[in-house]
Amino acid sequence: MTTGPKHPGDIDPAAEDPAPMGEDLAALLTRLLEEAGRTQKELATEAGIKYPTLNAWLNRTRGTSRIDPDDLRAMVNTLRLWHVAVTPAQMFRAAGRKVPGPTDEEREQRLLRIYRELPTDSQRALIQTAEAMRSASRAR
């Protein structure tokens with residue numbers, strides 16, 4: 001029996017991905033907004049994204065490689081509140097991004113505790129290391 005994701009942002013491996021192959025973020029969002037009967041402005045407001053930014057993604061005048069993962073998740077959460085079937089994996093793939101692994105609150109809290117115990121110079125080094133790891137994972 002599949003129960004779905006255990007944490008917000010987790011990807012349910014059993015969930016079907018209804019997005020057509022090769023659908024970019026603009027095409028995906030356009031299709032999902034039509035399904036929801038909602039506007040770009042409503043999505044921007046509800047997801048906490050600036051309307052000009054969302055509009056630029058939809059008009060393909062702004063790249064998607066640097067979209068904050070939290071913005072992608074916020075759009076998924078908003079669309080789901082509107083009863084639109086969409087997965088985080090769909091949104092990340094459509095944006096041309098690797099799908100991040102599931103979040104685990106316990107691991108996040110452990111990392112935060114370690115960070116807080118470090119002296120300032122070590123905190124800076126940890127941030128630089130984490131940013132380098134993120135950049136390397138995006139390049140693959």
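See the values below:
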{"item": "Options 89, 95: the member that is over 19 Å from residue 49 (Cα atoms), crowded, with 17+ Cβ neighbours inside 10 Å and not basic (Lys, Arg)", "result": "89"}
{"item": "Wholly enclosed helices (runs of 4 or more DSSP H) of region 33-140 bearing at least 2 residues among the basic types (Lys, Arg)", "result": "69-81, 105-117, 120-139"}
{"item": "Residue within region 90-108 that is at pLDDT 95 or above, in contact with a Lys or Arg (Cβ under 9 Å, 6 or more places away or on another chain) and of a type outside the set (A, V, I, L, M, F, W, C) present", "result": "no"}
{"item": "Odd one out for residue 58, checked against (1) touching a helix residue (DSSP H, G or I) at 6+ places or on another chain (Cβ under 7 Å); (2) farther than 25 Å from residue 135 by Cβ; (3) at pLDDT 95 or above", "result": "(3)"}
{"item": "Residue among 132, 44 that alone is at pLDDT 85 or above and more than 29 Å from residue 29 (Cα to Cα)", "result": "132"}
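The values are calculated or read from the model by the stated rules, or taken from the named source; none is laboratory data. Because the structure is predicted, anything quoted here is derived from the model rather than measured. For neighbour counting, all protein chains shown are included, and Cβ atoms are generated from backbone atoms with ideal geometry for every residue, glycine included.
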